[in-house]
Amino acid sequence: MKYSATSLLSVASACRGPDVQFSPTQDQLELREAARNYLRASCTAKYLTRRVAGGPEVADGWSGLVEMGLPGYLVSTTAGGLGMDAPGFALVAEESGYVALPEPLIEVAGVAAPLLDQLAGQQALAAEVCTGRVRVIPAHPLNPFFNQADPTDPVLLLGDEIRLVEPLSGLAGLDSIDPLRNLRRFDAIQGGGAVLARGDEAVALTQSAIQRGAVFTAAELLGLSAAMIDKATAYAGERKQFGKVIGSYQAIKHHLANAFVRLEFARPVVYRAAACLGQDAADLWVAQAKIAAIDTAIEAAEIAIQVHGAMGYTFEVELHLWMKRAWALAGLWGDRNHHLARVENALLSKNLATGPAATFCNHG
Amino acid sequence: MKLGFTSTDEAFRDEIAGWLAEHLLGEFEHIRYRGGPGDEHAYFRERRAWEQAMAAGGWIGVGWPEDMGGRGYSLEQQVIFHEEYARAGGPGRVGHIGEGLVGPILITHGSRWQQQRFLPGILSGEELWCQGYSEPGAGSDLSNISTRAVYDAGKDNWSITGHKTWTSLAHEAEWCFVLARTDPASRGRHGLGFFLVEMQQRAITVRPIMQLTGTSEFNEVFLDQAICASEQLVGEPGQGWEIAMALLGFERGVSTLGQQMMFQNQLNQIITVARRNGATADSQIRQRLAQAHIGLKIMRYNAMRTLSGNMVDGSLNRAAMISKLYWSIWHRELGNLAMDVLGPEAEVAAAQPYELTPLQSLFLFTRADTIYGGTNQIQRNIIAERSLGLPREPRMTG
Ligand SMILES: Cc1cc2nc3c(=O)[nH]c(=O)nc-3n(C[C@H](O)[C@H](O)[C@H](O)COP(=O)(O)OP(=O)(O)OC[C@H]3O[C@@H](n4cnc5c(N)ncnc54)[C@H](O)[C@@H]3O)c2cc1C
């Protein structure tokens with residue numbers, strides 16, 4: 001990847017507020033590096049194309065992720081996880097977006113596993129997620145359709161009661177616009193299953209699970225955007241028209257520069273949200289992060305296609321897989337309108353503090 | 001510019017509306033609203049039959065002059081025709097390239113023989129056409145084409161060899177108009193010829209290219225010494241560029257009115273969905289719908305202005321030049337709006353395997369609007385150079 005988050009983050013860290021962590025730790029960076037190397041070597045465009053052609057049952061990449069320890073990234077070490085924290089996982093999520101990873105890493109590792117880890121009596125299940133024996137897929141009405149590649153995966157039903165519903169057998173999947181996602185309708189989940197939490201505990205766990213879903217999806221969108229910008233930049237450096245590479249035309253340069261600027265502005269918003277999960281105002285920060293990431297990805301997709309000309313309109317050049325993933329993820333864990341309404345509400349109905357003391361410290 | 005319709009016009013409206021109501025039934029009922037951009041693969045056989053039914057009703061070439069087999073209708077009547085066609089949900093026309101581009105260019109630039117040979121096939125809906133301009137190395141820089149045409153004096157025909165790409169409907173069309181180099185030493189706009197080439201010959205191979213939508217409408221076309229009789233060269237060798245450009249002028253002709261009616265149908269459909277699923281409660285969606293409506297009106301008035309100026313010769317003027325840039329951006333935003341109105345449902349395909357809903361196809365197809373027929377970047381260059389008189393972009397070829 002050409003745009004390293006690190007350089008930007010270290011600048012940001014110089015002016016960070018008291019509780020805002022913009023700069024990744026050494027551990028986080030090392031794990032990101034490992035995840036990046038593994039993902040870019042294994043989840044190549046060729047591999048994705050083969051999967052699209054061969055259907056989802058072809059060569060599931062989950063076991064490789066398990067070997068890397070990624071499903072347990074946020075799970076405590078006592079339950080067999082890596083015991084790392086959310087900002088670090090945001091970096092991994094970005095890497096998974098960069099390669100358009102089809103596996104439900106965000107759902108399982110980002111949302112479900114840490115919830116199980118926090119629930120009394122469910123550490124054994126969290127441990128099984130870490131070893132790859134089970135893959136628990138979270139579901140919440142905020143996502144009327146959710147990605148479930150494998151119908152034998154149990155579903156973690158979030159809400160004011162948290163339940164573990166055994167495999168949704170017999171339920172036909174739905175095709176997504178993204179040929180690498182396999183959808184199920186939330187409404188079709190049957191009752192039953194074991195109740196894992198109720199009342200206030202369930203509500204609180206659900207709320208933070210949703211926040212994680214939104215912020216890691218935002219990070220994934222940034223990765224998708226970076227990949228689309230890289231692809232378009234590479235193409236602009238090769239494709240010639242009128243005897244020159246199209247990247248030498250200002251119209252193309254400006255488009256790509258615009259996409260890049262938007263991406264770099266979105267990054268610290270997403271990291272700040274990931275760093276502040278669990279705090280009172282996290283909802284607001286997550287909303288801002290999701291909006292910034294959606295806008296980045298939609299613009300990056302539009303520009304990447306435009307730069308590719310008719311090539312960008314084919315199913316044969318793999319760019320479309322990134323563009324369609326971005327489109328699908330934009331609506332997950334709250335779409336743009338949903339999050340914008342939260343910001344609006346905080347600002348106009350809840351009298352969000354915006355004075356000098358609030359603006360640049362730990363608010364807003 | 002006339003803004004009203006006379007009573008004769010209105011009588012004509014009743015005629016076409018009545019005919020459509022009587023004929024878009026039975027075997028054609030299910031192809032209503034189908035086959036538009038992004039959906040061209042749908043019901044092709046039925047739409048071919050429909051083209052012939054239209055022909056039998058005398059509805060092809062209504063704007064062509066009568067001595068060319070058309071009906072010589074006034075601009076107003078053509079507007080009405082397109083309005084009523086779209087209102088009735090008339091399916092995407094499979095003969096639009098023949099009717100809208102080949103017919104007009106043969107009427108203005110073709111020989112008598114060419115007119116007699118090719119216009120009837122278009123008017124009867126029996127011969128479909130495709131456009132063989134673009135090549136792998138010649139997209140925006142169309143003049144960079146390398147397909148070669150070699151004249152054989154003994155056989156009095158041309159032998160054409162090259163690789164065309166993005167050729168819409170090549171897999172269905174009987175004929176293709178091909179831009180090829182008649183002078184091997186030439187470069188750029190010089191030394192080109194405009195050929196009418198029969199697709200059914202062993203020397204031509206067509207490979208469909210899969211599009212974003214998972215379906216195929218355009219193709220690669222490989223010509224390996226394809227034969228083209230000498231009387232099928234339009235104009236003279238060396239005149240190809242001039243003819244090719246004149247033809248592109250017709251793309252901005254009266255058919256844009258039909259296109260706008262289709263846009264109106266799409267906007268109506270999006271508003272219907274928004275009403276049904278409650279998206280109209282969202283103030284941003286409401287405003288974007290209102291903006292879409294305004295944009296459509298702006299396009300319509302611009303089209304009326306363009307057409308009432310200089311219609312038949314298809315010449316470029318300022319009003320025509322700005323139209324593609326405007327509608328392509330408007331339409332791409334309409335695609336985005338459709339998805340935002342649908343919300344989470346936007347992600348779910350209509351059926352397996354990978355069968356998209358009309359609004360999903362709309363969203364995907366509108367990604368191409370800013371690319372084909374001259375990309376937005378090229379459109380802006382043309383506007384800046386020809387309308388504002390700024391210096392030309394530096395060019396290496398030509
Ligand atoms: C759906 C669809 C249907 C089509 N149907 C047909 C058909 O039937 N027949 C046919 O002949 N062709 C057809 N085309 C091809 C179409 O005409 C070309 O795609 C178009 O001309 C652009 O060429 P390109 O795709 O090679 O892009 P390129 O020319 O390679 O352009 C790539 C990018 O570079 C930019 N660029 C290029 N030159 C410049 C410059 N000088 N300044 C600034 N920016 C520049 C472009 O704007 C674009 O963003 C179709 C295309 C599509 C998408």
So who's got an amide H within less than 5 Å of the one on A:Ala197, skipping anything under 5 residues away but keeping other chains? H placed 1.01 Å off N, in plane.
A:Ile162
With just the Cα atoms defining each centre, how far is region A:84-131 from region B:160-177? Give it in Å.
51 Å
Within a 10 angstrom radius of each residue's Cβ in A:313-323, how many Cβ atoms of other chains show up on average? Whole number is fine.
4
Using a simple charge model, +1 on the beta-carbon of Lys and Arg, -1 on the beta-carbon of Asp and Glu, nothing else, what dipole does region B:129-238 show about its Cα centre, in debye to the nearest 20?
280 debye
The Cα extents of chain B along the principal axes, largest first and rounded to whole Å, are 71, 48, 46
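Give, as a single signed number, the net charge of other residues whose beta carbon lies under 10 Å from the beta carbon of B:Ser168, with Lys and Arg counted +1 and Asp and Glu -1.
-3
Take every Cα pair under 8 Å in chain B that's 6+ residues apart, average their separations, divide by the length, and report that relative contact order as a whole percent.
Averaging sequence separation for qualifying contacts and normalising by length gives 14 percent for chain B.
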Which cross-chain or sequence-distant (5 or more) residues have an amide H under 5 Å from the amide H of B:Ile227, H modelled 1.01 Å from N in plane?
B:Ile160
Relative contact order (percent) for region B:252-387, with alpha-carbon contacts under 8 angstrom and 6 or more residues of separation?
28 percent
State, as an integer percentage, the relative contact order of region B:129-238 based on alpha-carbon contacts under 8 Å between residues 6 or more apart.
31 percent
Just to confirm a number: summing +1 for Lys and Arg and -1 for Asp and Glu over residues other than A:Asn182 whose beta-carbon lies under 9 angstrom from that of A:Asn182, what do you get?
0
For region B:354-363, in order, what is each residue's ³J(HN,Hα) by Karplus, 6.51 cos²θ - 1.76 cosθ + 1.60 with θ = phi - 60°, in whole Hz (x at glycine and Pro)?
6, 9, 8, 7, x, 6, 5, 4, 4, 4
Please list the non-local residues whose amide H lies under 5 Å from the amide H of B:Thr165, H modeled 1.01 Å from N, same-chain partners needing a gap of 5 or more.
B:Ser134, B:Glu135, B:Val221
Please identify the GluC sites (Glu not before Pro) of region B:223-271 that satisfy two criteria: DSSP loop assignment and at most 16 other Cβ atoms within 10 Å. Which are they?
none
Provide the convex hull volume over Cα atoms per residue for the protein assembly as shown, in Å³.
180 Å³
Total accessible area lost when B and A pair, probe 1.4 Å, Å² to nearest 100:
3800 Å²
Rounded to whole Å, give me the distance from the Cα center of region B:265-303 to that of region A:169-240.
29 Å
Share, in percent, of DSSP beta bridges within the protein assembly as shown that are antiparallel, nearest 5:
85 percent
Across the Cα atoms of region B:252-387, what radius of gyration and what greatest pairwise Cα-Cα distance (Dmax) are found, in Å?
16.5, 49
Could you work out, residue by residue across B:130-143, how many beta carbons of other chains sit within 10 Å of that residue's beta carbon, and then give the average as an integer?
2
Return the single residue from B:Tyr33, B:Tyr301, B:Tyr326 with maximal mean-square fluctuation; model: Gaussian network over chain B, springs between Cα atoms under 10 Å.
B:Tyr301
GNM flexibility winner over chain A from A:Ala341, A:Ala275, A:Ala232 (Cα, springs under 10 Å):
A:Ala341
What's the local net charge at B:Leu196, with K and R +1, D and E -1, over the other residues with C-beta under 10 Å away?
-1
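So if I place +1 on the C-beta of Lys and Arg and -1 on the C-beta of Asp and Glu, and nothing else carries charge, what would the dipole magnitude of chain A be about its Cα centre? I want it in debye, nearest 20.
For this selection, approximately 1100 debye.
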Dipole moment magnitude, nearest 20 debye, the protein assembly as shown about Cα centre, only Lys, Arg, Asp, Glu C-beta charged
1700 debye
Karplus ³J(HN,Hα) for region A:196-209 (6.51 cos²θ - 1.76 cosθ + 1.60, θ = phi - 60°; Hz, whole; x = Gly/Pro) runs 9, 7, 9, x, 4, 4, 4, 4, 5, 5, 5, 4, 6, 5
Report the one residue of B:Ser216, B:Ser230, B:Pro184 whose Cα lies farthest in the direction of the positive end of the charge dipole of region B:179-236 (charges on C-beta: Lys and Arg +1, Asp and Glu -1; origin at the Cα centre).
B:Pro184
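Loop sites only, by DSSP: take the GluC sites (Glu not before Pro) in chain A that have at most 15 other C-beta atoms within 10 Å and name the longest stretch containing none of them.
The longest uninterrupted stretch comes out as A:58-315.
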In whole Hz, with x marking every Gly and Pro, tabulate ³J(HN,Hα) for region B:126-138 from phi via Karplus 6.51 cos²θ - 1.76 cosθ + 1.60, θ = phi - 60°.
9, 10, 9, 10, 9, 10, x, 9, 4, 9, x, x, 10
Yeah, region A:211-355 with a ≥ b ≥ c from its alpha-carbon gyration tensor (a/c under 1.5 is rounded, else prolate when a/b outruns b/c, oblate otherwise) is prolate
Between region B:28-83 and region A:149-168, what's the alpha-carbon centroid distance in Å?
53 Å
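The values are calculated or read from the model by the stated rules, or taken from the named source; none is laboratory data. Only a predicted model underlies this, so the values are computations on that prediction, with no experimental measurement involved. We place every Cβ from the backbone using ideal geometry, glycine too, and count neighbours over all the protein chains shown. Surface accessibility is based on the protein's heavy atoms, side chains included, excluding ligands, DNA and RNA. Shrake-Rupley method; radii C 1.70, N 1.55, O 1.52, S 1.80 Å.
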